[in-house]
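The values are calculated or read from the model by the stated rules, or taken from the named source; none is laboratory data. Keep in mind the model is a prediction, meaning the values are calculated, not measured. We place every Cβ from the backbone using ideal geometry, glycine too, and count neighbours over all the protein chains shown. Ligands, DNA and RNA are stripped out before the accessible areas are found, and what is left, the full protein with its side chains, is counted by its heavy atoms. Shrake-Rupley method; radii C 1.70, N 1.55, O 1.52, S 1.80 Å.
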Amino acid sequence: MGKEKTHINIIVIECYPGKSTTTGHLIYKRGKIDKRTIEIFGTETAKMGKGSFKYAWVLDKLKAKHECGITIDISLWKFETSKYYITIIDAPGHRNFNKNMIDVNRICGVGTVSVDRVETAVLKPGTVVTFVPVSVTTEVQSIEMHHEALSEVLPGDNVGFNVKNVSIKDVHCGNVAGDSKNDPPMEAVGFTAQVIILNHSDQISVGYAPDWIVTQLTLLASLLS
């Protein structure tokens, strides 16, 4: 068996127009979508008076996205090179829709689906996981990536996993899930981090206590040294 390819995630997010158009154009230039499809998109967007949106439709497939002309939810596109397995994530740039890329979802006929990135270890259907800090334990029923069911996922994979008998109100943005039987996640009293400050208007010293935004959580902390 050959060496596994490195998985690279490329997230495209911007609040100005043209993000999805640029990304779709790059995908087309890479030969990952055929010319005929782009021509069909061009015909449809021209009817709407939005001819330049034809490349954006490569990623923005929902009717609501076509009508409003902005990205309202995340879109994924995958392709491979000789060395890499690449996932392009086109994320909402408008503040009204940022929540769509971080919330737990409730999908009709499926149940509660948590969407996030695998950081460590391997996740498989049947794994019993615990969400912290809410202390909810449940079983993973299925896992999907790019709408494809998988038997396991590895660190670096952006996935959605369906959990059993859990309400969308029970788990929240910022929760961490881990194997409940093998070194489950726990709340940390403190942690050591390297912080690189690029630009600050004031002097910084020990005891400085700003708000820290870690992933989607806002924490109160202070510098000890």
Rounded FRET efficiency, nearest 0.05, which uses the C-beta distance separating residue 121 from residue 25 and R0 of 35 Å: 0.40
Using a Förster distance of 35 Å, the FRET efficiency for residue 147-residue 182 (Cβ separation, nearest 0.05): 0.75
Nearest-10 value in Å² for the accessible area of residue 116, using the 1.4 Å probe: 90 Å²
Distance histogram in 10 Å bins (all Cα pairs of region 122-186, percent per bin): 22, 56, 22, 0
Solvent-accessible surface (1.4 angstrom probe) belonging to residue 4, in square angstrom, nearest 10: 130 Å²
Protection proxy ranking of 27-34, 196-203 - average other beta-carbon atoms within 10 Å, highest first: 27-34, 196-203
Inter-site label distance for residue 83 and residue 5 at 7 Å from Cα along Cβ, in nm: 1.3 nm
Charge context of residue 121, other residues only, Cβ under 14 angstrom, K/R +1, D/E -1: -3
Rounded FRET efficiency, nearest 0.05, which uses the C-beta distance separating residue 137 from residue 189 and R0 of 25 Å: 0.70
For peptides 53-59, 82-88, 171-177, sequence by mean Cβ density within 10 Å, most packed first: 53-59, 171-177, 82-88
Links that overshoot a 27 Å alpha carbon limit, given the list 124/169; 78/181; 5/169; 29/83: 78/181; 5/169
